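What follows is a single structure, written as structure tokens, with notes after it.
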Amino acid sequence: MTMANRTRSFLALLALAVALGGCGPAATPAPTPRPAPTPTSAATAAETDSWLQAELAPGEAVIWYLGHCSYAIRTRSHLLIFDYQESSDGQARKRRPSTPGLDNGWIVPQQIAGQAVRVLVTHSHSDHYSSLIFDWQGKIPDLVYYFGWQAASDPAHHYLVGPRAQLTSDGLEIYTINSHHNDVPEVAYLVKVDGLVIYHNGDYMGEFQSDYPFLREVTPRIDLTFAIRGYEDGTPYLAQNLDLFTRFEHGAVFPTHDTAGGSGYAAFEQVFRAQVPGLAIHVPLRVGERFVYREGKVTREGER
Ligand SMILES: [Zn+2]
């Protein structure tokens, strides 16, 4: 064993001890226990920067979970950010980390200033939308906003008020489907970009029996599916998600609208793995967790 390897092993054991040390009996046991990611591979800012610089082929992506419904997705030549806010991750509060960055679920404009950043927002509820996204203007040279409603009147932004808006611009081909809840209009997004098809549900709960066939005309396959965590028997989201998961072929499914590492995401995974055999579900275990999508498969942090 080399000195470097020995040091790495020692750090691994130390990290494991620290991880287990904070572990008490869980109040609500997760339905599907799964091993925590290897503690040695906790993402660092330097590692994040290397993923921001890495050459990606068409159809490849690097994905960060930013809490609740927010994910950042780096594709060959874009960085998409969906439904970003800094207040909540499901029932948990999001807190500003001491060294904020993608690797702990925080957008720092300087970190992503070299990217072609495309910000997409599904609706105006505060768990999906915060006006702080406008603070990135002037700090990220190549920055474009897309809203699923008439969020403002800046002609530089795209307002996909629909119904079923379609837009091709800035290298993105975007389709929306629409619904309303608590008096606000909202969309789900289907985005084709850099050889990938991405679906982000937001809180969309609509006429999926006609909306999904409409999207199915656009694509039979979705590479990255960000689906709301509804799985409980008798809920509309259960039927809607089952339709989504069976009508399309999916590369990788990530849940939204709950808490990293919590029982809600674990139950989502358990229910849909049972109901849709072969569906590749990837549940975030921590805010800031990174996933790599290559050749139609996801590699989690710590996996090779
Ligand atoms: Zn919501």
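The values are calculated or read from the model by the stated rules, or taken from the named source; none is laboratory data. Note that this is a predicted model, so its numbers are computed, not measured. Note: ideal-geometry Cβ built from the backbone for every residue, glycine included; neighbour counts use all protein chains shown. These area figures cover heavy atoms from the full protein model, side chains too; ligands, DNA and RNA do not enter into them. Shrake-Rupley method; radii C 1.70, N 1.55, O 1.52, S 1.80 Å.
What to note about this one:
- Scope the range 157-177; condition surrounded by fewer than 18 Cβ atoms within 10 Å (Cβ to Cβ) and of a type in the set (V, I, T); matching residues: V161, T168
- Checking L215, L238 one by one, the residue that is in contact with a Gly (Cβ under 8 Å, 6 or more places away or on another chain) and not small (G, A, S) is L238 and no other.
Here's the yes/no breakdown for (1) more than 24 Å from F268 (Cβ to Cβ); (2) modelled with pLDDT of 95 or more; (3) part of a strand (DSSP E or B); (4) aliphatic (A, V, I, L, M):
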{"site": "W51", "(1), (2), (3), (4)": "yes, yes, no, no"}
{"site": "L56", "(1), (2), (3), (4)": "yes, yes, no, yes"}
{"site": "V62", "(1), (2), (3), (4)": "no, yes, yes, yes"}
{"site": "C69", "(1), (2), (3), (4)": "no, yes, no, no"}
{"site": "Y146", "(1), (2), (3), (4)": "yes, yes, yes, no"}
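- Any hit, the range 196-208, residues being part of a helix (DSSP H, G or I) and surrounded by 20 or more Cβ atoms within 10 Å (Cβ to Cβ): yes
- Given (1) touching a residue at least 24 places away in the same chain (Cβ under 8 Å); (2) on the phi > 0 side of the Ramachandran plot; (3) open to solvent by 10 Å² or more (accessible area, probe 1.4 Å), number of the condition G288 does not satisfy: (3)
- Counted residues, the range 66-100 - those being open to solvent by less than 30 Å² (accessible area, probe 1.4 Å) and in contact with a Leu (Cβ under 9 Å, 6 or more places away or on another chain): 16
- Set side by side, the residues R229, R273 differ, and just one is touching a Pro at 6+ places or on another chain (Cβ under 9 Å) and open to solvent by 50 Å² or more (accessible area, probe 1.4 Å), which is R229.
- Where I281 falls short, out of the listed (1) more than 16 Å from the ligand (Cβ to nearest atom); (2) over 30 Å from D103 (Cα atoms); (3) among the β-branched types (V, I, T): (2)
- T75 vs. criteria β-branched (V, I, T) and within 16 Å of the ligand (Cβ to nearest atom): no
- Candidate set from the range 101-124 (those that are in a loop (DSSP other than H, G, I, E, B) and open to solvent by 40 Å² or more (accessible area, probe 1.4 Å)); member that is farthest from the ligand (Cβ to nearest atom): G114
- Of all residues in the range 247-265 being of a type outside the set (F, W, Y), open to solvent by less than 10 Å² (accessible area, probe 1.4 Å) and out of contact with any Leu (no Cβ under 8 Å at 6 or more places or on another chain), the one that is farthest from V121 (Cα to Cα): G264
- Any pair with Cβ under 8 angstrom, 6 or more apart, that starts in the range 150-164 at a residue that is of a type outside the set (V, I, T) and ends at one that is open to solvent by 60 Å² or more (accessible area, probe 1.4 Å): Q150/V161; Y159/Q150
- Candidate set: the range 229-265, residues that are of a type in the set (A, V, I, L, M) and under 16 Å from A72 (Cα atoms); chosen: the one nearest to the ligand (Cβ to nearest atom): A260
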